[in-house]
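Working notes for the structure below.
Each value in this text was obtained by applying a stated rule to the coordinates, not by laboratory testing. What you are looking at is a predicted structure, and each value in this text was computed from that prediction instead of being measured. No Cβ is skipped: glycine too gets one built from the backbone with ideal geometry, and neighbour counts run over all protein chains shown.
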Amino acid sequence: MTSTEATTEPATTGLTTTEPAAPTAMDALDRLESEAVHIFREVAGEFDRPVILFSGGKDSTVLLHLAVKAFWPAPVPFPLLHVDTGHNLDEVIEFRDRTVERHGLRLVVASVQDYIDDGRLQERPDGTRNPLQTTPLLDGITDNKFDAVFGGGRRDEERARAKERIFSLRNSFGQWDPRRQRPELWNLYNGRHRPGEHVRVFPLSNWTELDVWRYIKREAIELPSIYYAHRREVFQRDGMWLTSGPWFGPRDDEQVRELTVRYRTVGDGSCTGAVLSEASDIDSVIAEVSASRLTERGATRADDRLSEAAMEDRKREGYF
Amino acid sequence: MTSTEIPGTHTPDLLRLATAGSVDDGKSTLVGRLLYDTKSVLADTLDAVHRASVDKGLTTPDLSLLVDGLRSEREQGITIDVAYRYFATPRRSFVLADTPGHVQYTRNTVTGASTAQLAVLLVDARKGVLEQTRRHAAVLALLGVPRLVLAVNKIDLVGYDEGVFEAIATEFAAHATALGYPVGSVLSIPVSALVGDNVVDRSTNTAWYTGPTLLEHLETVPVEPDPHHVPFRFPVQHVIRTNTAEFTDYRGYAGQVAAGTVRVGDEVVALPAGVRTTVSRIDTPGGPLAEAEAGRSVTLVLADEIDISRGDLIAPAHDAPVAADEFGATLAWLSDKPLRPGSRVLVKHGARTVPAIVSELSARFDEQRLVSVPDPLSLELNEIGRVTVRTAEPLPVDDYAVNRRSGAFLVIDPADGSTLAAGLVGAGLPALRDQDSSTPEGDLVSPGP
């Protein structure tokens, strides 16, 4: 567990004060944004030690952008937590650190590599580290006494997530019990929990992948460059294009090619694939996502393909 | 606001809807059909459904598999918990709360209905309006869902018979009227979720039906705007303070407008202190606004420095609610632990949570007969009752019938933090409203079968 303190400067969105704007009707994105901002402010009011899970991926970047808006012109009153698999692309880590510094926030890193180095976790035979994230995540929550943990999860990602609450109570083992979930009524969120328990909070619950991309465009949110089409050395495994890297491939029988690709999600490089794409700017990404015939998880995440109930099992174990 | 849409499409708005139905009405299939026919289902998800359908020995894809998310649901072929679905057309984005019909139906229907602007109720054309249908409609009415659609499903199985449809539609319309739904807020549509008649595409099998398909209706039905005569309500969620070169000694009150509209220059009062001041700015990170309507998250800057903290309510000085420490309410009980009069609880209203006592349980709503039964001994899971709530501090409540946001509250167990009940300030359904004059037989609110 390491912690880096960045220089503190006021969080701003780069927008300046002007004359009051004439009223316009709220559209779908306005309503989703307002809902997320409301959720951030409720958590600030009801919890002692909230934290935002931040990987540098597009969903957590949007999450952070919404947090900045919720507390503007004051800074975001929460630190960030990254569960680092050690299998990240350099561009993502660079983006993560730059973003943290720009907003003057504190980043806590829970490192899977540290756990493997000191023997608390063992590398899996397939080299995939996504399943290893749960222990460092739960230890990071316990050690820092975090009581509310913001995640970028969306209900449209997967069928088990469709039944997730916005405020999702977890026991002291971080486990999710679908039958013990509280009914979620109106916009009155119940954040009460016992010592040792915590609440996962999902402000993007009602967003779709397309909403996220449209919002990124509307707000001109910067993302890691890997989300846009670029030339990259990749090899094919289980029908996915994985990037070359010293820690997970390619194997001898896997042929490396340079192709034009982009990523739809960021994650463990050993099981998060790139997609062949020429979408090099936000408009072409939105057009591609609109036309896409694969969900982002199905297209790019090997670990969700393992079984019909893969996500449900991992959520029960305390995964995001 | 600049347009953010793909060229050629305009900015869609958002409709939140809930579905409700009895066992085997085909609700999961209907929702699956909406997702499938609006092309909201992507290839890999569909492949998984096709594979699972083949495994079950089916020859056509079982669209209900698109929506039954938990393993125990797939194994038992039932839906357990409220699930949220997303689909969009160029005109509208939809957030659909899919509420199961049989297990803990009140709990799930109340949850789904609490945020819904419209509800789709399903009936089986062969069975017509059932007790369960009337109960669901009563719960939807209680929760103030402004519009109802009755989807008369499996119309193919009654030979697309207009007479069957008309009889069901007429019976349901009478029931909805008795529950207080004005004419025009309820629409019945003949559909077959399995075949696809009138869900997205107009059916050639129901030439006698001239109304919209389900999706056409969802796309065009007016999204109930917060009526302008509803007074402004603003629960303060968070006090934003900062002191920078750009924002000297900044102090703003962050929240989401719960009702009505606020404008710069409005004279307001902060409750419970009762201090008056004026709105000097409505701030957002994108720049200040001249006014903010219900649903918008903003930060209010006030002209005078007064003591306001989280949980306080900002309201118009001339139209503020009366803060009450005792009020009548209707509870939908959602816990296995029954409510007994005198129970000590927590009440969360707006952004404030206070200790409270449910001092009196005066009536229970009999959902079988749609009547109110006076002086019950307890309120059990899934029951609806009329109570008196006493709070440790006065709360600025409105009647739920006037305002769904400022009239709503949660009842929370102080021991384990669980949510015990959905609370609605005021009397709710006509049967409960008239409870003082009710006889042991009760007041019938429904024409009944």
Sorted by Cβ neighbour density within 10 Å, fewest at the top, the residues A:I93, B:I155: A:I93, B:I155
Neighbour cut-off at most 15 other Cβ (10 Å), DSSP loop, GluC sites (Glu not before Pro), the range A:125-231: A:E197, A:E222
Around A:S277: net Lys/Arg minus Asp/Glu count, Cβ-Cβ under 10 Å: 0
5 angstrom amide H check on B:S343, placed H, neighbours 5+ away: B:V358
Fraction of antiparallel bridges per DSSP, the range B:13-220 only, in percent to nearest 5: 20 percent
J(HN,Hα) series, the range B:304-317, from Karplus relation 6.51 cos²θ - 1.76 cosθ + 1.60, nearest Hz, glycine and proline x: 10, 7, 10, 7, 10, 9, 3, x, 6, 10, 9, 9, x, 4
Whole-Hz couplings from phi, Karplus 6.51/-1.76/1.60, listed for the range B:250-267; x for Gly and Pro: 5, 9, x, 10, 8, x, 10, 4, 7, 6, x, 9, 10, 10, 4, x, 4, 8
Ranked A:K69, B:K27, B:K127, criterion: other C-beta atoms within 10 Å, fewest first: B:K127, A:K69, B:K27
Per DSSP, loop chymotrypsin sites (Phe, Trp or Tyr not before Pro) in the range B:134-218 with at most 15 further Cβ within 10 Å: B:W208
Value of D in µm² per second that Stokes-Einstein yields for the range B:254-340, Kirkwood Rh from Cα pairs, at 20 °C (1.002 mPa s): 145 µm²/s
Rough spin-label spacing in nm, given labels placed 7 Å along Cα→Cβ, for B:A174 and B:L157: 2.5 nm
Fewest-first ranking of B:D25, B:D319, using other Cβ atoms within 10 Å as the exposure measure: B:D319, B:D25
Sparsely packed GluC sites (Glu not before Pro) within the range B:285-368, loop by DSSP, other Cβ within 10 Å at most 12: B:E305
Test item: A:38-48 mean partner chain Cβ contacts at 10 Å: 5
Relative contact order for the range B:323-437, counting Cα pairs under 8 Å that sit 6 or more residues apart, in percent: 36 percent
Contour excess over end-to-end distance, with Cα ends at B:D201 and B:A324 and 0.36 nm allotted per residue: 39.1 nm
For the range B:13-220: relative contact order, % (alpha-carbon pairs under 8 angstrom, 6 or more apart): 23 percent
Theoretical FRET efficiency, 1/(1+(r/R0)^6), r = Cβ-Cβ of A:T142 and A:S284, R0 35 Å, to 0.05: 0.20
FRET efficiency, 1/(1 + (r/R0)^6) with R0 25 Å, evaluated for B:T244 and B:A273 via beta carbons: 0.30
Ranked packing of B:212-222, B:348-358, most packed first, by mean Cβ within 10 Å: B:348-358, B:212-222
Label-reachable residues, the range B:255-289, where backbone N falls under 18 Å from a point 7 Å from B:D307's Cα toward its Cβ: B:269-277
Rounded to whole Hz, the Karplus (6.51, -1.76, 1.60) HN-Hα couplings of the range B:295-300, x for glycine and proline: x, 8, 8, 9, 10, 8
Segments B:420-426, A:55-61 sorted - mean Cβ within 10 Å per residue, highest first: B:420-426, A:55-61
Rounded to 5, the percent of DSSP beta bridges in the range A:148-227 classed as antiparallel: 60 percent
Pairwise label distance in nanometres, A:Q122 with B:R91, each label 7 Å out on the Cα-Cβ vector: 6.0 nm
Between the range B:355-405 and the range B:206-270, the Cα center-to-center distance that results, in Å: 28 Å
Theoretical FRET efficiency, 1/(1+(r/R0)^6), r = Cβ-Cβ of B:T59 and B:L381, R0 41 Å, to 0.05: 0.50
